[in-house]
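Please read the structure below before turning to the comments.
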Amino acid sequence: MHHRHSSPVQEEMLGPLARGALCLLAVSIVLCNGDPRSDATRSAAVLSLEDYEDSGDDSSSFSFTFPETRPRGLVFGFYDETCPDAEEIVSSTVRRLYHADSNVAAALVRLFFHDCFIHMPSPPGRRVQGCDASVLLDRVGGRRSERDAGPNKSLRGFGAVEAIKQRVEAACPGTVSCADILALAARDSLVLVGGPTYPVLTGRRDSTASFYYEAAVAGNIPAPNATYAMTLDAFARRGFTERETVALLGAHSIGKVRCRFFTDRIYNFAGTGAPDDSIDPDMVGEMRAVCGGDGGAPMEMGYYRQGREVGFGAHYYAELLEGRGILRADQQLTAGSTVRWVRVYASGARGEEVFREDFAHAMVKLSAIAPLTGSDGQLRISCSKPVEEN
């Protein structure tokens, strides 16, 4: 077991690093975190980092070597020769969109997650595909698309992706895939809201089809009311450990949740006629005040770090330990073995640092789920339409 306090990589990351730098140590990807935020709420229930370091859990050490995190065809700087400004165009356009509407950051991150989580076999004899921009496609020939599936009906950010694509196309026609644009935009969005940066490999190609039925199957995309066992199962089927799962759910620290996703928890949980007893009573009052007397108001709530500020950070985990989880799937992280990672991440400045590192590693892994590369798939001109309809 690697002890984090003795890791030379960890020591290197304690100082501020330039945004976007790629740090390579042997064959391991070293992630470049900014200064850790230390304003997460402290809790008496927090597990000490000494306990965490001595827990004997095999998943407590990360070493993402290239064979595990760089599928065939993905490389650093795939467009250096064919479209050298591609990544800067994506980054600058995401910044412009964010300054116009800060909600776009969470929308793009969620869109990327939903895209990668739908696994479908590509044509016979070819690979399974995951991060392939299939979620961006509209209906084709009247056939339902992933957008029509229940878990995806609340997705936003499609217009933002198209805006980025148009700028990239103007500079480099028919060169940069929508799948790569979405992967880069998700990373850039996280940085804008205070998250860690991490290396994004490129070279993905776009799916020729959208997979409605796979997206609609219960459990393929974790539901807002999922138990922790259901959430762990969904992530495990994509190759994620318990620790990686808890870290990735920290993305819920940004963005906001519509009331309809948690109304039952504050009025009539599981048909009891009463609120979910895992919610702090004061939180129930706050949620009802936001959502209105009948819970049907089109309002939103988020995991606010200070005042009404929404931003990336481990404050999300501190809220869960206080019984202030907005979604049942969030609060359920304290209901089983996953609570140990919630406690680690909520344990002050050092816990925040561990969370940021873990989250960045998990995003590298998410970004590598079964992309189409080489001659597979296609390069769309419009991200919402396959090539034959452009």
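The values are calculated or read from the model by the stated rules, or taken from the named source; none is laboratory data. Bear in mind the structure is a predicted one, so any value in this text is a computation, not a measurement. Glycine gets a Cβ as well: all are built from the backbone with ideal geometry, and neighbour counts include every protein chain shown. Note: accessible area is taken over every heavy atom of the protein model, side chains too, but ligands, DNA and RNA are not part of it. Shrake-Rupley method; radii C 1.70, N 1.55, O 1.52, S 1.80 Å.
Some observations on this one:
- In Å², nearest 10: area of PHE112 left accessible to a 1.4 Å probe: 0 Å²
- Neighbourhood charge, 12 Å Cβ-Cβ cut-off, centred on VAL104 and excluding it, Lys, Arg +1 and Asp, Glu -1: +2
- Were the residues from ILE381 through LYS153 laid out at 0.36 nm apart, the gain over their Cα-Cα distance would be 79.7 nm.
- Computed over the stretch 148-245, relative contact order equals 26 percent, with contacts defined as Cα pairs under 8 Å that lie 6+ residues apart.
- Estimated dipole of the stretch 300-390 in Debye, rounded to 20 [Cβ of Lys and Arg +1, of Asp and Glu -1, Cα centre]: 220 debye
- Inter-label distance for ALA163 and GLU88, nm, one decimal - labels placed 7 Å from Cα along Cα-to-Cβ: 2.1 nm
- Cα centroid separation - the stretch 132-159 against the stretch 320-340, whole Å: 30 Å
- Counting only protein chain heavy atoms and rolling a 1.4 Å probe, the accessible areas of ARG237, ARG288, ARG260 rank, largest first, as ARG260, ARG237, ARG288.
- In this simple spin-label approximation, GLU286 and ARG260 carry label points 7 Å from Cα along the Cα→Cβ vector, and these lie 2.5 nm apart.
- Count Lys and Arg as plus one, Asp and Glu as minus one, and take only other residues whose Cβ is under 14 Å from that of ARG258; the net charge is then +4.
- Percent of Cα pairs in the stretch 135-294 per distance bin of 5 Å, from zero to the largest separation: 1, 7, 11, 15, 19, 18, 13, 8, 5, 3, 1, 0.
- The stretch 131-207 shape via C-alpha gyration tensor axes, a/c threshold 1.5: oblate
- Summing Lys and Arg as +1 and Asp and Glu as -1 over all other residues whose Cβ lies under 12 Å from the Cβ of VAL168 gives a net charge of -3.
- Between ALA236 and ASP80, the simple spin-label model (points 7 angstrom out along Cα→Cβ) gives 4.1 nm.
- Annotation: per residue accessible area for the stretch 163-206 equals 20 Å², rounded to a whole number [probe 1.4 Å, protein chains only].
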